[in-house]
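A.B. asks: Pasting a structure here, questions to come.
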Ligand SMILES: C[S@@+](CC[C@H](N)C(=O)[O-])C[C@H]1O[C@@H](n2cnc3c(N)ncnc32)[C@H](O)[C@@H]1O
């Protein structure tokens, strides 16, 4: 583990185009960087954490499409901010590309194009998933829930969870959780606009650490109903880890809480497709197809809202364009929303 002055020296060495210093004021530490030359965006970055600063500088504009000229941009293993690679596809950035976003790099585009080539409906499916997420949040907010934990939140995509929730519950608090450094940097810059929104770095393979996070605990009151979103993320976890995170969340939620899940399923999906999608991600993500019965079991002990666990297109369609699964689709993506009922005797927050 690098000591703090060594870590600062390492970031300075890696980013010679920026002047970087540490400030201590009123008991708080912050790191500031200022570009030495024009044409670099952002010109000034201020973060509370050196790893985050490293990510922000890695994302500085000239790095975006001419990575070869910035070979030292990526943090070395073990350094703060490691885990960020612009040369390997990332789940969040591939998804951003498929949704028509702008935060992706050549490796992400190559993986996404490979998937779209074998599986053209992936774009419609991703958009149907986002539309489901919005409808599901509205459903939960209309039931008076005003705190949300978005696990595997992804890169900011409008409307974001807090925007949808606050249209119905203006004071809604939202914690965005992800393990991707670029997601965290963008979320901190774009989403954490007030005290009611937090961004939590966490790996869903360690749900206990996420649920115990002081940042999360400061924002979310687990004695009150909470809505937990696991939308389009559980199929990126090994089966045992996916089951464990769902169980941990269900355990901790107070009665009156909601669980929102969407996930790809092996039931009704061409097995070759799962293999091909896995090949496109390579070793950056594990793709696990769970059966419809296994996904249904995630809702055990909860009350599934109508229409139950269904194809993502048909969960309470609201007249939008994408309301049905295309008949020729070779893959299925399931979605459900469930309430934790009041009478679970052994509940302890
Ligand atoms: C396909 S995106 C879904 C984003 C958003 N939930 C949605 O449905 O629009 C999956 C997200 O899960 C995150 N993710 C994948 N594995 C994760 C893990 N083990 N821990 C935390 N986040 C993870 C990825 O970084 C990515 O941002």
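A.B. asks: I'd like to know if segment 102-125 contains one or more residues that are under 30 Å from residue 257 (Cβ atoms), in the same structural domain as residue 187 (by TED's automatic domain parsing), more than 14 Å from the ligand (Cβ to nearest atom) and part of a helix (DSSP H, G or I).
C.D. replies: no
A.B. asks: What are the pairs, 6+ residues apart or on separate chains, where a residue within segment 145-158 that is farther than 19 Å from residue 263 by Cα and within 11 Å of the ligand (Cβ to nearest atom) has its Cβ under 9 Å from a residue that is modelled with pLDDT of 95 or more and in a strand (DSSP E or B)?
C.D. replies: 156/176
A.B. asks: Another question about this same structure. Just to verify a result, which residue in segment 212-242, among those that are within 12 Å of the ligand (Cβ to nearest atom) and assigned to a loop (DSSP other than H, G, I, E, B), is surrounded by the fewest Cβ atoms within 10 Å (Cβ to Cβ)?
C.D. replies: It comes out as 238.
A.B. asks: Collect the residues in segment 159-183 that are within 9 Å of the ligand (Cβ to nearest atom) and either modelled with pLDDT of 95 or more or assigned to a loop (DSSP other than H, G, I, E, B) (or both), keeping them in residue-number order.
C.D. replies: Correct list: 161, 177, 178, 179, 180.
A.B. asks: Quick one: residue 131 ticks every box in (1) within 16 Å of the ligand (Cβ to nearest atom); (2) over 21 Å from residue 339 (Cα atoms) bar one, so which box is it?
C.D. replies: Of the numbered conditions (1) within 16 Å of the ligand (Cβ to nearest atom); (2) over 21 Å from residue 339 (Cα atoms), the odd one out for residue 131 is (2).
A.B. asks: Determine, yes or no, whether residue 209 is farther than 20 Å from residue 232 by Cα and within 16 Å of the ligand (Cβ to nearest atom).
C.D. replies: Yes, satisfied.
A.B. asks: Looking at 252, 273, which is the one that is crowded, with 18+ Cβ neighbours inside 10 Å and modelled with pLDDT of 95 or more?
C.D. replies: 252
A.B. asks: Additional query: Which one of these is within 17 Å of the chain's Cα centre (by Cα) and modelled with pLDDT of 95 or more: 187, 153, 192?
C.D. replies: Exactly one residue qualifies, and that residue is 153.
A.B. asks: Across segment 86-101, what is the number of residues that are within 11 Å of the ligand (Cβ to nearest atom) and closer than 16 Å to residue 283 by Cα?
C.D. replies: The number of residues fulfilling the criteria is 5.
A.B. asks: Take residue 138 and decide whether it is surrounded by fewer than 19 Cβ atoms within 10 Å (Cβ to Cβ), in a helix (DSSP H, G or I) and within 13 Å of the ligand (Cβ to nearest atom).
C.D. replies: In short, no.
A.B. asks: Only one residue in 277, 200, 287, 215 is in contact (Cβ under 8 Å) with a residue 40 or more places away in the chain and in contact with a strand residue (DSSP E or B) (Cβ under 7 Å, 6 or more places away or on another chain). Which one?
C.D. replies: 215
A.B. asks: For segment 259-301, name all the residues that are part of a loop (DSSP other than H, G, I, E, B) and in contact with a helix residue (DSSP H, G or I) (Cβ under 7 Å, 6 or more places away or on another chain).
C.D. replies: Hits for segment 259-301 are 266, 267, 285, 286, 287, 288, 289, 298, 301.
The values are calculated or read from the model by the stated rules, or taken from the named source; none is laboratory data. Predicted model, so just to flag it, every value in this text is computed and none were measured. Ideal geometry is used to build each Cβ from the backbone, glycine not excepted, and the neighbour counts take in all protein chains shown.
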